[in-house]
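Input: a single structure, listed below in structure tokens.
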Amino acid sequence: DPITGMSGIPRNMTGIAEKLREGGYRTHITGKWDAGMAYWEQTPMGRGYETFFGYYHHATDFYSHIQYNAVGKSDLCGNLVDLWNTTGPARNCNGTYMEELFTENTMGVLDRHDPYEPLFLVHAFHIAHDPLQVPKHWEQLFAWIDNDVRRKYVAMVNYMDDVVGLIVAKLKSKMMWENSLVILCSDNGGPTYESVGANNRPLKGGKLSNWEGGIRVNALASGGVIPSSKRGTKLDDYIHMADWYATFCAIAGVDVHDQKAQAAGLPPVDGIDQSALLLKSLEEAPPGSGQRTEIHHSVRALTRGRWKLVSGGEFTPHGRNESAALGEPIAYFDDYLTGYEDHYPPFNTRIVLCGSGCLYDIQDDPIEENNLATERPDILQAMFERLAELNANNLFVNRGQASLDGCTKWPGHYGPFLAIEGRGLEDNFNFV
């Protein structure tokens, strides 16, 4: 399938950077991509970014830049170097901590940018993600944490915090801060399984689960365009990751409709414009005035108003067929217990059977302790019916099979390998 038959976002969907280019924005991205690369159209450049310095896959070694697999298995290519610089592989960078390269690249983008032109800049951290690698002097700041895994994870988060400060300082020095909207967000809750060491307490669970610890994440909106009445306030309205697409389109003054996707028979844009909630004053758009009332978390989970339904989990997010994406009625719950600072933290794995539905009042019970399914069968049935309606529009695709063609186009490196002729690609021996 030339539209969806490969890993990543379908070729015929319009990227947010493409939309913002229509609005006159300069567009750059640094760091993690993880959204496809087989075709040029799937790369950041094919999605509207003018420059990209980063990696294509899910994770890499922070020093060798070789693709990292958490279970220690090589892919079809034998785990090549995964570092790209717009028009070709970024070579001669091995041995340098990857986040240092990313910080230098983003600072360079800002240094070269004309402040009078609108800018859309994405800095997608690899940190904090496995493999747990951080320069020694950063880890030594947390020598009091005995647990090795937890200590490294905390040090990586601290490193990230420092880089955010550098980016903010650069925006201010360029006189761009007062006209900027800065969003800091995550794609999932912290991974609480034993090999990584995050902690989402008091929320239950973490990454890969439908529990609140896996889907309710910290996010921050800042910059000079935030009204003074909203600075330092907490927003409880629902905002989904998909909403940034519609929100940024509204801010840039471009149509959110994806004509290219519609022509290919792909689903419409899911996002909701939340710009008023962020950019209007407290009086004009008070808390609770957000436009999103429900979140379709997965084929087995839905939040609607104050109610949340969990009907299972452990789906395979990278599954190649429909059955792999449907998951199972067992909802696993992995989490650190208190005392993670000990050298060998107590670790707990629970199994919750939710095939017939686990129902929670997420406003009064955000830690999901009280299953109200038997007390509110009317709500449970309505939630199941709504989940079925939403699931009817899911896009299930056959991703095809891995191809050796992806191993040889760029010797020793990953990169796009299908229909790339005439793109002006070349090997890059310097990352500047």
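Our coupling estimate for region 410-426, obtained by passing each phi through the Karplus curve with A = 6.51, B = -1.76, C = 1.60 and θ = phi - 60°, is 10, x, x, 10, 8, x, x, 9, 10, 6, 10, 4, x, 9, x, 7, 7 Hz, Gly and Pro reported as x.
Of (1) 76, 67, 57; (2) 90, 51, 32; (3) 64, 51, 48, which is the value of Cα extents along the principal axes in Å derived from the coordinates here? Matching the structure shown: (3). The charge dipole of the chain, taken about its Cα centre with unit charges on the Cβ of Lys, Arg, Asp and Glu (plus for the first two, minus for the last two), comes to roughly 420 debye. Electrostatic bookkeeping for Leu101 treats Lys and Arg as +1 and Asp and Glu as -1; over the other residues with beta carbon under 14 Å from its beta carbon, the sum is -3. Taking a ≥ b ≥ c as the square roots of the Cα gyration tensor eigenvalues, region 116-190 comes out prolate, since a/c reaches at least 1.5 and a/b is larger than b/c. With pairing defined as another cysteine C-beta under 4.7 Å, the cysteines of the chain that fail it are Cys93, Cys185, Cys249. When a/c is below 1.5 the answer is rounded, else prolate if a/b is larger than b/c, else oblate, so apply that to region 65-221 with a ≥ b ≥ c taken from the square roots of the Cα gyration tensor eigenvalues. Judged from the Cα gyration tensor, region 65-221 comes out oblate (a/c at least 1.5, b/c at or above a/b). Our summary gives the chain a relative contact order of 19 percent, counting only alpha carbon pairs under 8 angstrom and 6 or more residues apart.
Loop by DSSP (not H, G, I, E, B), at most 10 other beta-carbon atoms within 10 Å: where is the longest site-free stretch of the chain for chymotrypsin sites (Phe, Trp or Tyr not before Pro)? Could the numbers behind the result be given before it?
Values: sites that count: Tyr116, Trp144.
Looking at the chain, 145-432 is the longest stretch - no exposed chymotrypsin sites (Phe, Trp or Tyr not before Pro) with at most 10 other Cβ atoms within 10 Å.
Sum -39500 (n - 2.57) across every DSSP H segment of at least 4 residues in the chain, then divide by the residue count to get the 222 nm mean residue ellipticity, nearest 500.
Values: 11 runs with 99 residues, N = 432.
Using -39500 (n - 2.57) per qualifying helix, the result is -6500 deg cm²/dmol.
Where a number appears in this text, it was derived from the coordinates with a stated rule and is not lab data. Nothing here was measured: the structure is a model prediction, and the numbers come from that model. FYI the Cβ positions are ideal-geometry reconstructions off the backbone, even for glycines, and counts take in every protein chain you see.
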